[in-house]
1. Give me the Debye-computed log₁₀ of I(q)/I(0) at q = 0.16 Å⁻¹ for region 127-189, equal point scatterers on Cα only, no solvent, two decimals.
2. Using only the Cα atoms, what convex hull volume per residue in Å³ does region 110-235 have?
3. Quick one: compute the contact order of region 109-193, relative version, from alpha carbon pairs under 8 angstrom and 6+ residues apart, as a percent.
4. Grab the Cα-Cα distance for Arg232 and Asp152, subtract it from 0.36 nm times how many residues apart they are, and report the gain in nm with one decimal.
5. Can you tell me, using C-alpha contacts under 8 Å and at least 6 residues apart, the relative contact order of region 166-237 as a whole percent?
6. Give the Rg (one decimal place) followed by the Dmax (whole number) of the chain, computed from C-alpha coordinates and expressed in Å.
7. Using the crude model of +1 on Lys and Arg Cβ and -1 on Asp and Glu Cβ, and no other charge, please compute the dipole size for region 3-248 relative to its Cα centre, in debye to 20.
8. Counting pairs of alpha carbon atoms under 8 Å apart in space and at least six apart in sequence, what relative contact order in percent does the chain give?
Amino acid sequence: MTTLLDIDKVTKTYRRRGNSDVTALSDVSLAIDDQEIVALIGPSGCGKSTLLRMIAGLDNDYVGALRWSEAPRPGKDIGFVFQEATLLPWRDVSRNVSLGLERQRMDKAAVSARVSELLDMVGLGDFAQSYPSQLSGGMKQRVGILRALAYDPRVLLMDEPFGALDAITRDKLQDDLLAIWERTHKTIVLVTHSVEEAAYLADRVVVMSPRPGRIKSIHTVPFSRERSSETRQLPEFAQFTGMLREELG
Ligand SMILES: Nc1ncnc2c1ncn2[C@@H]1O[C@H](COP(=O)(O)OP(=O)(O)OP(=O)(O)O)[C@@H](O)[C@H]1O
Ligand SMILES: [Mg+2]
């Protein structure tokens with residue numbers, strides 16, 4: 001595996017006018033491989049979202065370095081999936097998904113073909129003309145993921161993408177995400193509060209400590225890349241998630 005992104009001793013301090021400064025990240029180093037799925041877990045406020053925003057290039061005010069094997073092209077190489085789907089209510093499903101493509105001035109026929117392909121991938125083909133208000137939470141979240149995938153980014157950053165969903169929908173979307181990975185082999189950095197989700201999806205799980213966020217430990221998931229409902233039943237799965245829970249304290 002080749003390193004896609006080398007995060008080297010990154011420290012991030014938020015300066016707050018009239019208030020004391022907040023050190024959100026302290027001396028964080030992590031190498032992310034090409035095509036890898038990395039999960040970040042850690043207590044609230046330990047800097048997970050801050051780190052994602054830096055990787056996305058949305059925050060450049062930090063000490064340390066982010067070194068890419070190939071510099072990401074702004075708006076093209078990085079897809080961001082937010083905790084809430086943040087869809088545009090006045091656009092239907094297909095025009096929410098096509099948002100990033102329109103910015104790239106792709107021609108109409110190509111955009112429409114790409115959008116249909118994506119919608120079919122997660123079983124939303126029949127909802128292309130529906131509006132966000134007509135969708136369930138899980139469907140909205142799928143549209144949010146497709147919107148990030150539409151322009152075929154190299155890296156997908158996901159900030160608690162399934163946090164607001166019920167357990168069954170969540171399991172289904174985890175499997176959708178793995179199916180997407182099978183087809184695209186995107187590098188994925190996923191923030192989650194669920195040790196089960198981290199174990200089920202990731203190749204490696206990074207445990208962070210409370211603010212100021214540091215990397216406490218990094219764990220390679222001890223079972224194969226192929227995951228299914230049976231994975232969750234494996235004794236190794238229970239052992240691994242138990243260990244992660246202990247690490248979290
Ligand atoms: N714009 C900001 N200005 C000042 N402080 C901030 C800002 N954004 C985040 N912080 C602080 O930085 C720390 C890390 O925030 P961050 O949102 O990265 O945490 P997190 O790990 O994503 O937490 P959660 O799990 O609750 O989403 C927090 O203490 C927060 O108060
Ligand atoms: Mg966060």
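Every number in this text was worked out from the coordinates using simple rules, so none of it is lab data. Because the structure is a prediction, the values reported are computed rather than measured. Glycine gets a Cβ as well: all are built from the backbone with ideal geometry, and neighbour counts include every protein chain shown.
1. -0.54
2. 132
3. Details: 56 pairs, mean separation 27.4, N = 85.
RCO, region 109-193: 32 percent.
4. Details: separation 80, 0.36 × 80 = 28.80 nm, distance 3.00 nm.
Stretched out fully, the Arg232 to Asp152 stretch lengthens by 25.8 nm.
5. Working: 44 pairs, mean separation 15.9, N = 72.
Answer for region 166-237 is 22 percent.
6. When restricted to Cα atoms, the chain yields Rg and Dmax of 18.3, 53 Å.
7. On the way: 32 positive and 34 negative charges, 188 e Å.
I would put it at about 900 debye.
8. Numbers: 445 pairs, mean separation 67.9, N = 249.
Worked out over the chain, it gives 27 percent.
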